[in-house]
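A short worksheet on the structure shown next.
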Amino acid sequence: MSSHMSRRRFALAASSLGAAMMTGPLNFLAKMGGGSSRVFPSAGPVSQSQAGGQTKLKALVFDVNQTMLDLNVLRPHFVRVFGDGKALEEWFSLLLHYSLVVTVADAYADFGTVGRAVLEMLASTKGVKLSSEDATKILQGVLMMPAYPDVPESLKRLRAKGFRMVTLTNSSPSAVKEQLHNAGLTQYFDESISVDSIRRYKPDLAVYRSAATHLGAQPRELLLIAAHPWMCSAP
């Protein structure tokens, strides 16, 4: 199931979600306005078509970076260091790319370490002198990213509907704890699950299967909410 949803429609949908069912393990809505891809749960009941009848949705599983938290707060740092705010998108795209590379190579390093290495690589390819202080400011800024304006109210409405809500993120446990605290979102989630527990990054299937096991659910009983469609590809 896929559809197009504006940020305003998502806020309205969040308040109307009731007992949800799903057609598969990952039911998502893609392509928000403004050229960015955002993914949110649909409103109303979703039928489960597999043999054996309907399967109740046990939890909403949220990605964090770019899904709920606004990366644009980091842009001034990239303008100052690289002279071009577009370097922010280049860096984050490379960060996601190389997190997959280290997974495939079975050479895990935490997200912050990969982020710093990619930042240094980007600076080198652009002939930019990146000081340790500049790198630290950017990486510390990741911990201070604000929530998108409509996110707190939407999470509040989902919480009021009785959904079990958790985060599943590439960030380390300490990082996501600080991110949610600084963004004022901690109270909406029952717990946070980090890829650190299995030392592999999304969308490796082991990440989703491990999260489902941890939550005492089958993958088809979880709804993943993420900004990146490729993240929502696990069977």
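Taken together, the values in this text are just the output of simple stated rules run on the coordinates, not laboratory data. As the structure is a computational prediction, the values presented were derived from the model and not from experiment. Neighbour counts run over all protein chains shown; Cβ positions are idealised from the backbone, glycine included.
Straight-line cross-link partners of Lys56 among the aspartates and glutamates, defined as a Cα under 18 Å from its Cα and at least 8 positions apart when in the same chain: Glu221.
Placing R0 at 22 angstrom, the Cβ-Cβ distance between Lys156 and Asp190 gives a FRET efficiency of 0.90 after rounding to 0.05. In this structure, the residue pairs whose Cα-Cα separation is over 21 Å, taken from Lys86/Lys126; Lys177/Lys202; Lys86/Lys156, are Lys86/Lys156. Give me the log10 of I(q) over I(0) for region 51-102 at q = 0.20, 0.21 Å⁻¹, as the Debye formula computes it from C-alpha points; what are the numbers? Those come out to -0.80, -0.85, one per q.
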